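Notes to accompany the following structure.
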Amino acid sequence: MAVVMLSGWRRGLSAGVAASLLILIVGCKPAAQQAAGASPPAPGTPASPAAPAGVALVPVSTAGAGGPTVFEDPSEHAFSVSVPAGWTAKGGIIRKSTVAAAPWIQENSADGTIDVFYGDPSIPNFLTPSQMHAGGQTVHTQFGDEPVENYESGAQFAAGYAQQVFGQTCAGMQPTGGQPEPALAQQTGDISNQMAQEIGSTVPPPNFDGGLATFSCQVNGQPYVVGVIAVTSISQAAGLWSVPLIFGYRAPAAQAAAADQAARALQASYTRDPQWLANMVSVGRQAMQLLQRQDAAAEAAMQRMQQQDSALLNAQAQANMNRLTSEHQAFMANFNAQGAARNAAFAQQEYMKDSNTQAEIRVIKNQQCIAWNDAAHTSCRVVAPD
């Protein structure tokens, strides 16, 4: 889908930032409000010669009766599409800022019965539930509101979108089937990879899934059909999923095949203006480089903090080790001193015991010590008295 957008939820300066940026460059994230202050008509609203209220530079182009004509975005010349003979078309680029732009196109058959659309700037990006954000919440960021919801495949999103958008204009909607759209998912993925190379992104590419959902319903009592084709993408690195491609139709049941063909022809004819795309890629590259520099600066700051924390922890650990060593040494010195005192007391006790024993023996033997044999007075030369 030819949409270039550089908005996303910034979860710190991490790999998630770059992944978010990449998704939004190739994705279809609409602005919360367009610059002119109004939104384009819902896809379920039949095309009308009058531009939506408050929307400037979104005129209607009527194809000539002789064959298809080209409708070009009147506001920025960002894209062009082919319009079948006799059909009317309207659309344009809805821009939130210099780095956020999304297209919307509606075509209406000459008899007013078949409506086809491409793009819907009311679809937000979604955050996957996490420990930080529980499901059902809406995260308010500088880039708009991002609901926290479980990821939906292309077919799942297409089915829910069809019922929500067309339910009011096509009564009694009932699902009639659907099919996978791997070719469209592959095409969108190829655009993603190409854009990633052009803007210099190194984040892991998101995964893409495409699907069609069809419904039966009634308009003024007449049987109608609704078909919506959507491609969704999810970036595990950023915890973000989006709808980079959506288009579809509402038509009488008898013209279901023609409506499906017209919607697919609209999508296939969507052509981005090379100069406009080059400008947006340049802006995207600058934004990516800025984020990468900020990411590098934040990483360096984090490393410095970690080094400071590590140095502080090491100093604290060394101080604790020194304290424990000092306490251990003091304990061992006291323990050794107590041991030495106990040993000395025991030796003295043994000496006194031995001396007393010898003295008793001398008394019993009626002996007299006439000379000590050692300085410690542990033994002596004895004689018996006369």
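The values are calculated or read from the model by the stated rules, or taken from the named source; none is laboratory data. The shown structure was predicted, so the numbers you read here are calculated from the model rather than taken from an experiment. Glycine also receives a Cβ, built like all others from the backbone with ideal geometry; neighbour counts cover every protein chain displayed.
Here are some notes:
For (1) of a type in the set (G, A, S); (2) touching a strand residue (DSSP E or B) at 6+ places or on another chain (Cβ under 9 Å); (3) closer than 22 Å to P274 by Cα; (4) at pLDDT 65 or above, each residue gets a yes or a no:
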position: P41; (1), (2), (3), (4): no, yes, no, yes
position: P52; (1), (2), (3), (4): no, yes, no, no
position: A65; (1), (2), (3), (4): yes, no, no, no
position: P74; (1), (2), (3), (4): no, yes, yes, yes
position: W87; (1), (2), (3), (4): no, yes, no, yes
position: P103; (1), (2), (3), (4): no, yes, yes, yes
position: A110; (1), (2), (3), (4): yes, yes, no, yes
position: L127; (1), (2), (3), (4): no, yes, no, yes
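- Screening Q255 with (1) touching a residue at least 12 places away in the same chain (Cβ under 8 Å); (2) under 27 Å from the mean Cα position of the chain (by Cα); (3) outside any loop (DSSP other than H, G, I, E, B); (4) surrounded by 12 or more Cβ atoms within 10 Å (Cβ to Cβ) gives one miss only, at (2).
- Among the criteria (1) loosely packed, with under 11 Cβ neighbours inside 10 Å; (2) touching a Ser or Thr at 6+ places or on another chain (Cβ under 6 Å), the one N373 does not fulfil is (1).
- If you go through segment 238-261 and pick out every residue that is within 16 Å of I199 (Cβ to Cβ) and in contact with a strand residue (DSSP E or B) (Cβ under 8 Å, 6 or more places away or on another chain), you end up with 1.
- Subset of segment 262-294 [of a type in the set (D, E, K, R), touching a strand residue (DSSP E or B) at 6+ places or on another chain (Cβ under 9 Å) and touching a residue at least 40 places away in the same chain (Cβ under 8 Å)]: R272, D273
- Odd one out for R285, checked against (1) closer than 30 Å to F247 by Cβ; (2) over 24 Å from the mean Cα position of the chain (by Cα); (3) not hydrophobic (A, V, I, L, M, F, W, C): (2)
- Residues being surrounded by 14 or more Cβ atoms within 10 Å (Cβ to Cβ) and either without any contact (Cβ under 8 Å) to a residue 60 or more places away in the chain or of a type in the set (K, R) (or both) - total across segment 139-155: 3
Matching residues to (1) more than 18 Å from Q267 (Cα to Cα); (2) more than 27 Å from the chain's Cα centre (by Cα); (3) among the aromatic types (F, W, Y):
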| residue | (1), (2), (3) |
| --- | --- |
| G86 | yes, yes, no |
| G92 | no, yes, no |
| P147 | yes, no, no |
| M173 | yes, yes, no |
| Q179 | no, yes, no |
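- Scanning segment 173-187 for residues that are surrounded by 12 or more Cβ atoms within 10 Å (Cβ to Cβ) and not in a loop (DSSP other than H, G, I, E, B) returns M173, P175, T176, G178, Q179, P180, P182, L184, A185, Q186, Q187.
- If you go through segment 109-122 and pick out every residue that is β-branched (V, I, T) and more than 12 Å from F247 (Cα to Cα), you end up with 2.
- E107 vs. criteria charged (D, E, K, R) and surrounded by 22 or more Cβ atoms within 10 Å (Cβ to Cβ): yes
- A single entry from A238, A278 fulfils the requirement of being modelled with pLDDT of 85 or more, over 29 Å from S109 (Cβ atoms), of a type in the set (A, V, I, L, M) and not in a strand (DSSP E or B): A278.
- Only one of L277, L291 that is surrounded by 14 or more Cβ atoms within 10 Å (Cβ to Cβ), in contact with a helix residue (DSSP H, G or I) (Cβ under 7 Å, 6 or more places away or on another chain) and of a type outside the set (D, E, K, R): L291
- T202 being β-branched (V, I, T), buried (at least 19 other Cβ atoms within 10 Å of the Cβ), outside any strand (DSSP E or B) and within 21 Å of the chain's Cα centre (by Cα): no
- Some residue of segment 285-301 being of a type outside the set (S, T, Y) and over 30 Å from I199 (Cα atoms): no
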